[in-house]
Amino acid sequence: MATAIGLAHQVDWDVPEQTGLWKDAWVRFRRNRLAVAGLVVIVVMIVLALGARLPATPGGLWKILHVTNSYATPSLQHPLGTDILGRDQLSRILYGASISLTIGIVVQFLILGIGGSIGMAAGYFGGWIDNLLMRFTDIMYAFPDLLLVLVFVAAFGPSFWSIFIALGLVYWVGLARLVRGQVLSIKEKEYVEAAIMTGTSPLKLIVKHLVPNSLGPVIVTLTFGIPAAIFTEAALSFLGIGIRPPEPSWGVMIEDGYAGIFADPRQVIFPGIAVALTMLSFTFVGDGLRDALDPRMRR
């Protein structure tokens with residue numbers, strides 16, 4: 001018992017200083033030029049997307065119709081040209097970025113809430129609770145992701161919130177497995193066993209030890225999940241069951257442009273580049289975070 005109390009008092013020495021850990025990770029992240037470039041692209045895109053939402057900015061051009069000016073070539077007034085209804089393509093892409101990025105980023109919080117809670121409960125309590133939660137996770141994992149998303153969206157109706165809920169209800173499975181594995185590993189540490197023996201409450205143990213020490217892999221997984229959610233939203237909108245016109249998400253723009261792809265390929269190329277650039281940027285950031293938070297890379 002005395003040994004356990006001694007270990008409990010030395011917990012702070014056994015656990016790496018969180019401030020120093022994150023500072024060291026940030027230094028390693030900055031050395032990855034592709035990751036930094038991806039982060040810069042994401043930040044710029046978020047700023048432009050927010051600006052396109054302001055009514056007093058040129059972003060409002062996305063909903064102004066000039067049917068007589070359809071398929072206009074790029075010019076100073078319309079840098080990327082216009083679509084079949086004469087709407088400014090650049091404004092539509094920037095406005096669509098706000099929808100696609102919001103779905104891609106915000107849905108990760110729902111995934112974190114569902115998958116993180118299930119994985120944490122399964123790993124911490126173990127026994128029949130672990131067995132029950134993991135069997136449910138296996139059942140969800142057995143179904144194709146896109147098929148489940150299609151079912152949920154069809155049940156709720158095509159809208160921003162239905163896509164948000166559908167993605168959250170489907171993509172939590174991988175995170176739940178990851179969190180469970182992290183918790184099972186951390187529970188074997190001496191400082192955690194000592195804290196349990198000294199009567200530390202489950203809530204305090206989870207908040208103080210399990211959550212901080214499992215954040216690294218979770219952050220990397222959520223970062224990689226953002227481009228997957230963006231691509232799924234674009235695919236659903238292209239199939240006609242996602243965001244509905246006149247809201248110009250990137251998937252909607254690709255769907256609209258596909259009908260006139262031979263008349264003006266730019267209608268598909270420009271929003272396709274926006275999707276690809278965003279997914280690539282988040283992938284670079286995810287790679288950078290994975291390397292920066294890798295315990296084997298710590299000094």
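See the values below:
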read-out: About the Cα centre, charge dipole magnitude for the chain (Lys/Arg +1, Asp/Glu -1 at Cβ), debye; value: 460 debye
read-out: Whole-percent carbon and sulfur share, accessible surface of the chain, 1.4 Å; value: 70 percent
read-out: Summed side-chain charge close to residue 187 - residues other than residue 187 whose Cβ falls under 12 Å, Lys, Arg +1, Asp, Glu -1; value: -2
read-out: Solvent exposure ordering (accessible area, 1.4 Å, most first) of 232, 73; value: 73, 232
read-out: Difference of contour (0.36 nm per residue) and Cα-Cα distance, residue 259 to residue 85; value: 61.3 nm
read-out: Volume per residue that the Cα convex hull of the chain spans, once the total is divided by residue count, Å³; value: 152 Å³
read-out: Estimated FRET transfer efficiency when R0 is 25 angstrom, pair residue 117-residue 146 (beta carbons, to 0.05); value: 0.55
read-out: Positive minus negative residues near residue 81 (Lys, Arg vs Asp, Glu; Cβ under 12 Å); value: 0
read-out: Full-extension gain in nm, residue 160 to residue 30, via 0.36 nm per residue minus C-alpha separation; value: 43.3 nm
read-out: Positive minus negative residues near residue 162 (Lys, Arg vs Asp, Glu; Cβ under 15 Å); value: -1
read-out: Using a Förster distance of 25 Å, the FRET efficiency for residue 77-residue 239 (Cβ separation, nearest 0.05); value: 0.15
read-out: Heavy-atom accessible area ranking, 1.4 Å probe, most first, across 290, 87; value: 290, 87
read-out: Mean Cα-pair separation over length for region 158-248, i.e. relative contact order, pairs under 8 Å, 6 or more apart, %; value: 44 percent
read-out: FRET efficiency for residue 138 and residue 189, using Cβ-Cβ distance with R0 set to 25 Å, rounded to 0.05; value: 0.35
read-out: Helix-derived mean residue ellipticity, 222 nm - over the chain, DSSP H n ≥ 4, -39500 (n - 2.57), to 500; value: -23500 deg cm²/dmol
read-out: Dipole of the chain, positive direction: furthest Cα of 36, 274, 210, with charges on the beta-carbon; value: 36
read-out: Rounded accessible area of residue 186 (nearest 10 Å², 1.4 Å probe); value: 10 Å²
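The values are calculated or read from the model by the stated rules, or taken from the named source; none is laboratory data. This is a predicted model, so every value here is computed, not measured. Here Cβ is always computed from backbone atoms with ideal geometry, including for glycine, and neighbour counts include all displayed protein chains. Surface accessibility is based on the protein's heavy atoms, side chains included, excluding ligands, DNA and RNA. Shrake-Rupley method; radii C 1.70, N 1.55, O 1.52, S 1.80 Å.
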